[in-house]
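Encoded as structure tokens, the structure appears first; notes follow it.
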Amino acid sequence: MIVAVGNKKMGPELSDDRIARRSNGRANNNNNNTDFSLKNLKNTGVRYQHQHDLQVISARDVFLYIPNLIGYVRMILIVAFYYYTYHKPARSMVCYLLAALLDNADGFAARKLHQCSKFGAALDMLLDKVAYLGLVNTLIQFYPSHAFWFQLSSAIDLAGHWMYTQATTASENSNNHKIVLRHYSLLRWYYSSENFLNVVCFGNQVFYICLYLMNFTEGLTVFGVSLIRVFLYASLPVLTFRTLININHIVDASIHLVKIDVMDKQEARRIAFSSVKH
């Protein structure tokens, strides 16, 4: 039996019955959630961070986590954004912006309610990219003469996130646990402040949203200057910085993956020589 405690999956050796035996010295075959004593649990060796981590949950529970429900709403909004993209720009943008706002809401809810999950993290990243690519693909059709730059920008963005995810996963699965993914140069500064990170992500979105709106209207003007164009040009440096961050992701993750390859090969060689000696 596999059970998940909080956002951690635990193997058969830590089923609910066995945890109960380790906490009070006897088996508890109750089909309901086991009622643990925090005092007893401290002596079991089971690690936990919050009382929610003691709850026995099912796959259905994870699918129905509040942050994941928010993710499903985002999914519907993104589909609506696709549907209204070409003939209802106002509705389309409302759906897109609501989906973007809920992106922050699901992360806050996950932390506040202690409902973090690997499924939720994967869903969140997937929806981010699906919404972003839908907008970029639309801009390619609106501004075909600039298609190359849109394609290059989206390719760098996807490659950066993919490589970073692969490097993180490889770190967790590597036989050599001495290797830790470290942030160098720009990344260290970028991840030092969550508020700064959110501002950069928002500014990056503003650039593409302004381009989308400008295909339909110049919007409100002040002294003959379109405010949409003002936001467009103001967000361009942010877009450039975000692109540099993604390139930095690719470089750092590549170096990290190669280090893992080298150390894993060295470990395999050491084991092979050890076997020959014996």
Highest mean packing first, using Cβ neighbours within 10 angstrom, the peptides 150-159, 58-67 sort as 150-159, 58-67
The simple spin-label model distance between Leu98 and Arg269, using points 7 Å out along Cα→Cβ, in nm, is 5.9 nm
Residue separation between Ser58 and Asn137 times 0.36 nm, minus their alpha-carbon distance, gives in nm 24.6 nm
The residues His87, His161, sorted from fewest to most surrounding Cβ atoms within 10 Å, come out as His87, His161
Taking a crude spin-label model, label points 7 Å out from Cα along the C-beta direction, the Ala155 to Ser254 distance in nm is 1.3 nm
Once amide hydrogens are built 1.01 Å from N within the peptide plane, the residues lying 5 or more places from Val56 or on another chain with amide H under 5 Å from its amide H are Thr34
Two pseudo-spin positions, 7 Å from Cα along C-beta at Phe202 and at Thr165, lie apart in nanometres by 2.6 nm
The answer for the net charge of residues other than Ile70 whose Cβ lies under 10 angstrom from its Cβ, with Lys and Arg +1 and Asp and Glu -1, is -2
Answer in debye to the nearest 20: the dipole magnitude of the range 58-142 about its Cα centre, from +1 Lys/Arg and -1 Asp/Glu charges placed on Cβ, is 80 debye
Length gained, Phe223-Ser192, 0.36 nm per residue minus C-alpha separation, equals 7.2 nm
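Computed from the coordinates by the stated procedures, all read-outs in this text should not be read as laboratory data. Since this is a predicted model, take the numbers as computed values, not measurements. A quick note on method: Cβ atoms are made from the backbone with ideal geometry, for glycine too, and the neighbour counts reach across all protein chains shown.
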